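Any read-out appearing in this document is the output of simple, stated calculations on the displayed coordinates, not a laboratory observation. These figures come from a predicted structure and were not determined experimentally. Here the Cβ is made from the backbone with ideal geometry for all residues, glycine too, and neighbour counts use every protein chain on show.
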Amino acid sequence: MILISKYIVPRGYLGITIFPFMFLRSKDLKGNGVLVNHEKIHLRQQVELFIIPFYILYALEFLIRLIQYKNWQLAYRNISFEREAYKNEKDLDYLKSRSLWQFISYINR
């Protein structure tokens with residue numbers, strides 16, 4: 001379910017997915033197929049990790065990447081979940097052929 005909220009989406013970002021909701025900063029972003037696909041990839045990741053473990057792993061990996069890169073944006077972009085979503089967001093059929101736990105292949109890249 002897509003909801004619009006400029007208050008829930010962190011400044012500098014267009015959307016955030018908090019299972020089972022996809023929050024977008026503005027209504028016009030609903031038509032952005034690439035952004036919506038990116039967030040749908042996160043929904044799939046959250047479901048296959050039973051939601052709460054996803055958030056724990058996401059936060060832990062972010063902290064590791066932040067120590068590694070010493071840069072918030074670089075740390076965020078190098079989280080395995082984000083790597084997978086950014087690499088495949090333009091492929092609107094990606095989720096049809098995506099393997100289970102595909103994000104694992106993005107951990108050491």
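Each row is one residue, and each column tells you yes or no for (1) more than 18 Å from Phe19 (Cα to Cα); (2) touching a Ser or Thr at 6+ places or on another chain (Cβ under 8 Å).
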position: Asn32; (1), (2): yes, no
position: His38; (1), (2): no, no
position: Leu43; (1), (2): no, yes
position: Leu57; (1), (2): no, no
position: Asp93; (1), (2): yes, no
Selection from segment 21-50 of residues that are within 15 Å of Trp101 (Cα to Cα) and exposed (fewer than 13 other Cβ atoms within 10 Å of the Cβ): Val47, Phe50
Any pair with Cβ under 7 angstrom, 6 or more apart, that starts in segment 51-71 at a residue that is within 15 Å of Ile107 (Cβ to Cβ) and ends at one that is assigned to a loop (DSSP other than H, G, I, E, B) and of a type in the set (Phe, Trp, Tyr): none
Exactly one condition in (1) surrounded by 11 or more Cβ atoms within 10 Å (Cβ to Cβ); (2) in a loop (DSSP other than H, G, I, E, B) is not met by Asn108; state its number. (1)
What is the residue count in segment 87-105 for residues that are within 22 Å of Tyr13 (Cα to Cα) and surrounded by fewer than 16 Cβ atoms within 10 Å (Cβ to Cβ)? 4
